[in-house]
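First up is the structure itself, then whatever we jot down about it.
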Amino acid sequence: MAADTASGYIQHHLSNLTFGQHPVNGWSFAHTTQEAQEMGFWAFHLDTLGVSVVLGLIFIALFRLAASKATSDTPGGLQNFIEVIVGFVDSSVKDTFHGRNPLIAPLALTIFVWVFLMNFMDLLPVDWLPMLAATIVGDPHLYFRAVPTTDPNATLGLALSVFALIIFYSIKVKGIGGFLGELTLHPFNAKNIAVKILLIPVNFLLEFVTLIAKPVSLALRLFGNLYAGELIFILIAIMYSGGMLLGGLGGVLQLAWAIFHILIITLQAFIFMMLTIVYLSMAHEESH
């Protein structure tokens, strides 16, 4: 739709709608990937932000609707569905989180549903939303990515939010001294003060890497799996332009991959939620 070659088609579908300050054009939309790169770090991926916000509002609206119509009599289909999700998340939190914090269960529910909805956009045909956006704007070459979790900015933003909570509760529960002690006095320790001081740099290096690995693992795991899934859907879509036989094979492959991908998007949302619960549970453990 926006390129005459397969490589151009792939590059177009893997490019975000970017708005930022260009060295020459000032604040503007990027019309090429080169312009997007030249806008630097503070450029905005409007497609990622827009789709994420819309999906967040859909999440809130669905749960608000279910709550407003909740009944103790015979529940409807929506209420049953929401209760299953809430019960599943609640049991996951009770089994994994060993502290006491009323924020954890709502946070886990938000993460699971919101990440799942963002992942679910990968099941839509790869051209639907980009073509719709291009038609509305009137620019057939408009960049638009419909899956927020294929953008590392989105997954890293989610991971850093969780990381901020980890730091906050680590300091709140253990105190600044306890938090720093975890970073400098573990895993190696000694009764001799001089040896203990000598071990501090080694401990800090090991524990700091472990600490930083938490948001990195959260972000890259989600991004990597969804990016790979999106790329496979794009490659299958290219097959439709290869004639009836290749197009028919593409249809079969798309259906098979979509069915398998349902498991992937659900599993990735679950993993992100569970790791968040585990990391926050560790942050609430008293240091010794």
For the range 6-283, with only Lys/Arg (+1) and Asp/Glu (-1) charged at the beta-carbon, what is the dipole magnitude about the Cα centre, in debye rounded to 20?
980 debye
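Students often get this wrong, so check it: of 94/172; 94/191; 94/196, which have C-alpha atoms separated by over 26 Å? Kindly include the intermediate steps, with their values, before the conclusion.
Details: 94/172 21 Å; 94/191 38 Å; 94/196 38 Å.
Those over the limit are 94/191; 94/196.
Run lengths n ≥ 4 of DSSP H only: what is the helix-derived mean residue ellipticity at 222 nm for the chain, with -39500 (n - 2.57) per run over all residues, to the nearest 500?
Only helices count here, giving -25000 deg cm²/dmol.
Once the other residues with Cβ under 12 Å from the Cβ of residue 29 are scored (Lys, Arg +1; Asp, Glu -1), what is the net sum?
Working: positive: none; negative: 35, 47, 139.
The answer is -3.
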What are the aspartates and glutamates whose alpha-carbon lies under 20 Å from the alpha-carbon of residue 174, with same-chain residues fewer than 8 places away excluded?
182, 207, 285, 286
Please work out the C-alpha center-to-center distance from the range 1-74 to the range 153-227 and express it in whole Å.
31 Å
Between residue 164 and residue 260, what length comes free when the chain is fully extended (0.36 nm per residue of separation minus the Cα-Cα distance, one decimal in nm)?
31.2 nm
Put +1 on the Cβ of every Lys and Arg and -1 on every Asp and Glu Cβ in the range 6-283; which of 8, 19, 183 then has its Cα farthest towards the positive end of the dipole?
183
Taking +1 at the Cβ of each Lys and Arg and -1 at the Cβ of each Asp and Glu, which of 268, 104, 50 sits farthest along the dipole of the range 6-283 towards its positive end, judged by Cα position relative to the Cα centre?
104
Among residues other than residue 104 whose Cβ falls under 14 Å from its Cβ, what is the net charge (Lys/Arg +1, Asp/Glu -1)?
0
Per-residue ³J(HN,Hα) for the range 173-186, Karplus 6.51 cos²θ - 1.76 cosθ + 1.60, θ = phi - 60°, Hz, x for Gly and Pro
7, 9, x, 5, x, x, 5, 5, x, 4, 7, 10, 10, 10
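Taken together, the values in this text are just the output of simple stated rules run on the coordinates, not laboratory data. None of these values were measured; they are calculated from a predicted model. Because the Cβ atoms are built from the backbone with ideal geometry, glycine has one as well, and the counts that use them run over all protein chains shown.
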